[in-house]
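Accompanying notes for the structure given below.
The values are calculated or read from the model by the stated rules, or taken from the named source; none is laboratory data. None of the values given here were measured: they were computed from a predicted structure. Don't worry about glycine lacking a Cβ; one is built from the backbone with ideal geometry, like all the others, and counts go over all protein chains shown. SASA here: full protein model, heavy atoms, side chains in, ligands and nucleic acids out. Shrake-Rupley method; radii C 1.70, N 1.55, O 1.52, S 1.80 Å.
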Amino acid sequence: MATNKPFQSQLPEAAGYDLIGDIHGCAHTLKRLLFQMDYRKSNGVWRHPERKVIFLGDIVDRGPRIRESLELVYSMVQAGEAVCIMGNHEHNALTYCTPAPEGFADDYLRSHNPRHTRLIKETLEQFETAQDEWAIYLDWFKTLPLYLETDQFRVVHATWNDRFIRTLQEHYQTDTLTDELLIESVQPESFGFRLMEHLTRGSHIRLPDGVQIYGGDGFSRRTFRTHFWAEDPATYGDVIFQPDNLPGCLEDQPLTALEKEQLLYYSRHDRPLFIGHYWCEGVPALVTPNIACLDYSAVKYGKLACYRFSGETQLDASNFVWISVDRDWTSNDTSV
Ligand SMILES: [Mn+2]
């Protein structure tokens with residue numbers, strides 16, 4: 001099960017792949033999950049005799065053990081035991097920490113405004129006395145593939161946008177950011193910006209003027225997250241995909257022609273797709289017969305979820321495994 005496209009990040013050969021969603025600094029939970037799946041640490045690296053891990057991005061931010069999480073994931077990737085794709089939080093970290101070129105309004109690619117600074121606070125605090133190590137991880141983030149694709153399945157952090165991925169392959173001959181695309185990625189309207197928005201943040205619909213959503217995470221938002229698998233959506237309620245509900249009666253608000261046109265669609269006949277990003281809750285389940293979301297909000301006392309893929313053409317919910325993050329358990333990740 002290996003990809004052979006020359007510029008694509010090589011997926012190591014394996015009997016199967018264990019796809020793990022957003023970790024956000026929950027290193028203890030990650031170790032428990034790996035242990036439960038018969039991975040063991042040898043020579044400093046977690047390994048399985050037959051299987052490899054695919055991490056879906058968002059290793060950093062929010063949680064208590066970000067440095068330990070990066071160390072674990074990075075060591076597995078370096079040893080060929082895992083592959084990791086880029087999440088929006090790695091992209092944020094990269095742009096937040098990269099000085100802007102001449103002529104930019106801000107000193108860094110991502111402005112150090114209070115909202116951005118709040119989002120990366122825990123990560124920077126935990127690396128305060130390990131700056132050299134943080135610099136290594138930033139260099140590594142730049143090399144992370146933005147997606148994975150084999151004959152059997154696909155992986156992306158938020159949304160599969162086939163057109164953008166083909167453009168990246170054909171025009172840039174890569175599956176990662178380039179220096180040029182990294183700068184573009186903070187310039188609205190550019191290809192680099194739209195590429196990173198779709199692949200790592202997903203698509204959004206703007207709320208009507210004057211309406212805001214006050215999220216459970218303390219941030220307020222003027223847009224809501226949409227999914228990309230409704231066959232013929234008619235209303236906002238048909239496409240919303242986030243933990244916070246729409247205010248008032250907006251669930252029934254009809255989608256405009258333009259909004260419909262901008263929504264992506266991943267066909268049920270396409271190969272299985274694995275995503276993270278969306279703060280799912282409850283018991284892990286397939287979102288469609290060929291799409292599995294693996295972000296079950298570990299860092300918000302949810303679950304760290306994994307899908308154990310072994311080459312099946314039809315995804316099967318019984319292949320989910322997970323660790324619940326218990327508020328009361330003293331050694332779990334929510335007790336710093
Ligand atoms: Mn995330």
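The lysines within cross-link reach of Lys31, meaning a Cα-to-Cα straight distance under 16 Å and a gap of 8 or more places when in the same chain, are Lys41, Lys52, Lys303.
Treat every Asp and Glu Cβ in the chain as -1 and every Lys and Arg Cβ as +1, leave all other atoms uncharged, and give the resulting dipole magnitude about the Cα centre to the nearest 20 debye. Write out the running numbers ahead of the final one.
On the way: 32 positive and 48 negative charges, 117 e Å.
That gives the chain a dipole magnitude of about 560 debye.
Residues of segment 96-120 with amide nitrogen under 19 Å from the 7 Å Cα-to-Cβ point of Lys142? Correct set: 96-104, 107-111.
Ordered from highest to lowest accessible area with the whole protein assembly present and a 1.4 Å probe, Leu258, Leu72 read as Leu258, Leu72.
Can you list the GluC sites (Glu not before Pro) in segment 226-279 that are in a DSSP coil and have 15 or fewer other beta carbons within 10 angstrom? Could the numbers behind the result be given before it?
On the way: sites: Glu231, Glu251, Glu259, Glu261; in loops: Glu231.
In loop regions of segment 226-279 (DSSP not H, G, I, E or B), the sparsely surrounded GluC sites (Glu not before Pro) are Glu231.
Amide H contacts for Cys84 (H built 1.01 Å from N in the peptide plane; partners 5 or more residues away or on another chain; cut-off under 5 Å): Phe55. Across His48, His112, the residue with the most accessible area heads the list, and the full order at a 1.4 Å probe is His112, His48. The residues packed around Ala234, meaning those with a beta-carbon under 10 Å from its beta-carbon, carry a net charge of -2 if Lys and Arg are +1 and Asp and Glu are -1.
At a probe radius of 1.4 angstrom, the accessible area of the chain per residue rounds to 44 square angstrom.
Restricting to DSSP loop positions (anything but H, G, I, E, B) with no more than 13 other Cβ atoms inside 10 Å of their own Cβ, which GluC sites (Glu not before Pro) remain in segment 96-181?
Values: sites: Glu102, Glu122, Glu125, Glu128, Glu133, Glu149, Glu170, Glu180; in loops: Glu102, Glu128.
Answer in residue order: Glu102, Glu128.
For Ile20, the accessible area of its heavy atoms, probed at 1.4 Å with every protein chain present, is near 0 square angstrom.
Sort out for me the Cα centre separation of segment 243-295 from segment 18-35, rounded to whole Å. Here the two parts' Cα centres lie 24 Å apart. Please identify the helices of the chain, taking whole runs of DSSP H, that span at least 30 Å along their own axis as judged from the Cα atoms and have a mean Kyte-Doolittle score of 1.0 or higher. Membrane-span-like by this rule: not one helix.
Determine the calculated [θ] at 222 nm for the chain from helices alone, applying -39500 (n - 2.57) to every DSSP H run no shorter than 4 residues and normalising by the residue count; nearest 500 deg cm²/dmol. Numbers along the way, then the final one.
Numbers: 10 runs with 92 residues, N = 336.
Value at 222 nm, helices only, nearest 500: -8000 deg cm²/dmol.
The candidates His227, His171, arranged from most to least accessible area with a 1.4 Å probe in the full protein assembly, appear as His171, His227.
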